[in-house]
Amino acid sequence: MDATHRLLHARRWSPAGWWGAGPARAVPGIANLHSHAFQRAMAGMAEHATGSTGDSFWTWRETMYRFAAGFDPDTLRAVALQLYVEMLEAGYTSVCEFHYLHHTPDGAPYAERAAMSHALIDAAREAGIRLTLLPVLYMAGGFDGRRLGERQARFGHDVDGYLALLDALRPLQSDTLRVGCALHSLRAVPADAMTRVVGPLPDDAPVHIHIAEQTAEVDECIASRGARPVRWLLDHTPVDARWTLVHATHLDDGEVRGIAASNATVAICPTTEANLGDGLFPLRAFLDAGGRIGIGSDSHVSVSPVEELRWLEYGQRLATRTRNVAVEHGTPGVATSLLRAVAASASTATGFDPDALAGDVVVFDEIPALVGASDVDALERWVFAGNRRAVRDVHVAGRCVVEDGVHRLRDAAFVGFRAAMATLLR
């Protein structure tokens, strides 16, 4: 048994968040609660101004639609494998895949109707990351119930077709695969359809939804349904701990308290939300209300839990002009507070047993930022003291998937990714 394995077998998760002392420090694996794997292929390609009226999420979406149209199962598998290798090398050990590229670009089903889902499952299995597959129900083009547009056709299902997809995928569940449910958004899922889908779900199936990401969505929901999005959801749906509300950026005080009281998790995606100009989540108020949070890399303009955690805190500092906003009483620092918070929500948001997740471990080298670190300041230095990657080894489900900072498939995954990009960009 090598030194790393001796460390992992001899030590437990300590109050300060580290096993042991010295250079071989470790933390539990980090859950990535929101991913659109295909968007890894377009990261950095929507950073050009499109006109004089101001760019926004809605103009970014045009680029996304163009990329989405180019994918088939083979290209999706290659891009997802590259992404999942990158996630593991960065310290993520599980990922919730919010998956809506179901059909061919013209909306026709593949001969194997779950072919695109299988591409993601295969990529995750090969990479060795825990996957919570969240097939997305996407039915309408807006709150007015209009039909999906041509570029959205491959996303769509009716309720019966969607439930059949879930039924086909659930038997594939394993110790590293869970199948949950994703509702794209209130604007894309009519109220009656939401009830039909959520009602019969197994009690342990996670449910995720995009909500209140954009102010335009809030305004349209008020005009259409007479309430803000989160308020409407809380009033009409049995939201509880198995729910994850993605973004939930634009909330009033009552919605903050309501989400916290429901025990749902909010998946905050700071680098994507910043990239899209979404706004800032009311973090301190939510934590004070007892709210549960997690992080996600979403569009993958960054694949780094350190950067998500750092900018989750930094956004709050910029908004409030104060420091150390997210620190919890009795906790050594901000990074420790945030890592404890995301660890606490990981099981219910991903659907994996907490005892299983406890075996996923990220081990660190003693990089310059950690020289002389104590149990009190080690996490703070890891998150806030530079960008040199510190991850040495990563263990998932009893298997070492990253060793000496390198995933065994790093080179092979890149070869496949490069070929997929050549196809997507031609």
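What span do the alpha-carbon atoms of the stretch 294-336 cover on each of the three principal axes, reported in whole Å from largest to smallest?
The Cα atoms of the stretch 294-336 stretch 32, 21, 13 Å along the principal axes, largest first.
Quick one: grab the alpha carbon gyration tensor of the stretch 191-312, order the square roots of its eigenvalues as a ≥ b ≥ c, and give me rounded if a/c is under 1.5, else prolate or oblate depending on whether a/b is larger than b/c.
Since a/c reaches 1.5 and a/b is larger than b/c, the shape of the stretch 191-312 is classed as prolate.
Would you order 221, 400, 96 from fewest to most other beta-carbon atoms within 10 Å of each residue's own beta-carbon?
Result, fewest neighbours first: 400, 221, 96.
Rounded to the nearest 5, what % of the DSSP beta bridges within the chain are antiparallel ones?
Expressed as a percentage, antiparallel bridges in the chain total about 30.
State log₁₀ I(q)/I(0) for the chain at q = 0.08 Å⁻¹ as given by the Debye formula over alpha-carbon point scatterers of equal weight, solvent excluded.
Listed by q, the Debye log ratios stand at -0.41.
To test your reading of the geometry: what angle, between 0 and 90 degrees and rounded to tens, separates the Cα axis of helix 215-225 from the longest principal axis of the chain?
50 degrees
Using the Cα centre as the reference, give the magnitude of the dipole from point charges on the C-beta atoms of the chain (Lys, Arg: +1; Asp, Glu: -1; all else neutral), rounded to the nearest 20 debye.
Dipole size: approximately 360 debye.
Give me P(r) over the stretch 273-406, computed from all C-alpha to C-alpha distances, binned every 10 Å, as integer percentages.
Distribution as computed: 11, 37, 39, 13, 0 percent.
For the peptides 321-327, 407-413, what is the packing order when you average, over each peptide's residues, the other Cβ atoms within 10 Å and list the highest mean first?
The most tightly packed comes first, giving 407-413, 321-327.
When the helix-only estimate is applied to the chain (DSSP H runs of n ≥ 4, each -39,500 (n - 2.57), divided by the residue count), what is the mean residue ellipticity at 222 nm, nearest 500 deg cm²/dmol?
Rounded to the nearest 500, it is -12000 deg cm²/dmol.
Using mean Cβ contacts within 10 Å as the protection proxy, how do 356-363, 335-342 order, highest first?
Ranking, from highest mean packing down: 335-342, 356-363.
Give me the Debye-computed log₁₀ of I(q)/I(0) at q = 0.13, 0.16, 0.30 Å⁻¹ for the stretch 86-141, equal point scatterers on Cα only, no solvent, two decimals.
Results for the stretch 86-141 at q = 0.13, 0.16, 0.30 Å⁻¹ read -0.39, -0.56, -1.23.
Using only Cα atoms, find the angle between the long axis of helix 159-169 and the longest principal axis of the chain, and express it within 0 to 90 degrees, rounded to the nearest 10.
The angle comes out at about 30 degrees.
Would you kindly derive the ³J(HN,Hα) couplings of the stretch 136-150 from the backbone phi angles with the Karplus curve 6.51 cos²θ - 1.76 cosθ + 1.60 (θ = phi - 60°), listing them in order in whole Hz, with x for Gly and Pro?
Each residue's phi maps through the Karplus curve to give 9, 8, 9, 10, 10, x, x, 4, 7, x, 4, 4, 4, x, 4 Hz.
Using θ = phi - 60° and the Karplus curve 6.51 cos²θ - 1.76 cosθ + 1.60, what whole-Hz ³J(HN,Hα) does each residue of the stretch 280-291 get, with Gly and Pro shown as x?
Once θ is set to phi - 60°, the couplings for the stretch 280-291 become 10, 5, x, 4, 4, 4, 5, 5, 4, 7, x, x Hz.
Put +1 on the Cβ of each Lys and Arg and -1 on the Cβ of each Asp and Glu in the chain; which of 131, 238, 163 then has its Cα farthest toward the positive end of the dipole?
Farthest along the dipole direction, towards plus: 131.
Nearest 20 debye, what's the magnitude of the dipole of the stretch 157-198 about its Cα centre given +1 on Lys and Arg Cβ and -1 on Asp and Glu Cβ?
In total the dipole reaches around 140 debye.
Bear in mind that the values in this text are calculations on the coordinates, not laboratory data. The shown structure was predicted, so the numbers you read here are calculated from the model rather than taken from an experiment. When we count neighbours, we look across all protein chains shown, and the Cβ atoms used for this are built from the backbone with ideal geometry, even at glycine.
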